[in-house]
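Participant: Sharing a structure with you now.
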Amino acid sequence: PASSHDSSEGSSTKRTEMNDRSQQWKHRCEELKAFKALTGHCRVPVKYVKNKPLGHWVSNQRAQYRLMTGGKQSSMTVERIELLNGIGFEWQVPPHSPRDEEAWQKRYKELEAFKTKTGHCKVPKRFR
């Protein structure tokens, strides 16, 4: 049988994990502040070469916000929203330029042709 000691160890581990995640979140927030000081905005590309984890983190903040505002389970909190708003975080990325849209449509048509030819959309990485 589990003792109360076992139970407190489990909750202590959970608290430590939550504290570690909170510290990591705060660290990324500081990195975002530095990024904004450098660039004048908070639109970190997902594949930001100088700091890939920051790019993924920013994308994840938007995803967690969408979940929260959609009434779904999320790690986003009101406190985090306020902190990010204070930095000037943009919850929605501006729409792409017409050139981006043209390129996307071209690739979409290529994918349709590929599917017609092969019967699937599992395009190999090195496909030309």
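The values are calculated or read from the model by the stated rules, or taken from the named source; none is laboratory data. Computed from a predicted structure; not experimentally measured. Only protein heavy atoms, including side chains, enter the accessible area calculation; ligands, DNA and RNA are left aside. Shrake-Rupley method; radii C 1.70, N 1.55, O 1.52, S 1.80 Å.
Participant: Quote the accessible area belonging to V78 in square angstrom, nearest 10, computed with a 1.4 Å probe and with ligands, DNA and RNA left uncounted.
Facilitator: Its heavy atoms expose roughly 90 Å² to the probe.
Participant: Per residue, what accessible area does the chain have, given a 1.4 Å probe and all protein chains present, in Å²?
Facilitator: Accessible area per residue: 81 Å².
Participant: At 222 nm, what value in deg cm²/dmol follows for the chain if DSSP H runs of at least 4 each add -39500 (n - 2.57) and the sum is divided by all its residues, to the nearest 500? Could the numbers behind the result be given before it?
Facilitator: Values: 4 runs with 85 residues, N = 128.
Taking each H run of at least 4 residues, the total per residue is -23000 deg cm²/dmol.
Participant: List the lysines whose alpha-carbon lies under 22 Å from that of K109, not counting same-chain residues fewer than 8 positions away?
Facilitator: Partners within reach: K117, K122, K125.
Participant: Using P(r) over Cα pairs in 10 Å bins from 0, in percent as the read-out, say which of (1) 10, 26, 25, 22, 12, 4, 1; (2) 12, 33, 22, 17, 12, 3, 0; (3) 12, 39, 24, 12, 7, 4, 2, 0 was calculated from these coordinates.
Facilitator: Matching the structure shown: (1).
Participant: With every protein chain present, what accessible area does K72 have (1.4 Å probe, heavy atoms only), rounded to the nearest 10 Å²?
Facilitator: Approximately 140 Å² for this residue.
Participant: Looking at the chain as a GNM with Cα springs under 10 Å, which of Y48, Y65, Y108 has the largest mean-square fluctuation?
Facilitator: Y108
Participant: Cut-off 10 angstrom, C-alpha nodes, Gaussian network model of the chain. Which of A63, A113, A34 fluctuates the most?
Facilitator: With Cα springs under 10 Å in the chain, the top fluctuation among A63, A113, A34 is at A113.
Participant: Let me ask something else. Quick one: length gained pulling V93 to T16 fully straight, 0.36 nm per residue minus the C-alpha distance?
Facilitator: 24.4 nm
Participant: Please find, in a Gaussian network model of the chain (springs between Cα atoms separated by less than 10 Å), the residue of L111, L84, L67 whose mean-square fluctuation is greatest.
Facilitator: Comparing L111, L84, L67 in a Gaussian network model of the chain, the most mobile one is L111.
Participant: Give me the lysines in straight-line cross-link reach of K26: C-alpha distance below 21 Å, same-chain residues under 8 apart excluded.
Facilitator: Excluding near neighbours in sequence, the set is K14, K36, K47, K50, K52.
Participant: Report in % the part of the accessible area of the chain that belongs to carbon and sulfur, leaving out ligands and nucleic acids; probe 1.4 Å.
Facilitator: Values: 5520 of 10320 Å².
Answer for the chain is 53 percent, counting heavy atoms of protein chains only.
Participant: Tell me the accessible surface of K33 in square angstrom (1.4 angstrom probe, heavy atoms of protein chains only), to the nearest ten.
Facilitator: It works out to around 90 Å².
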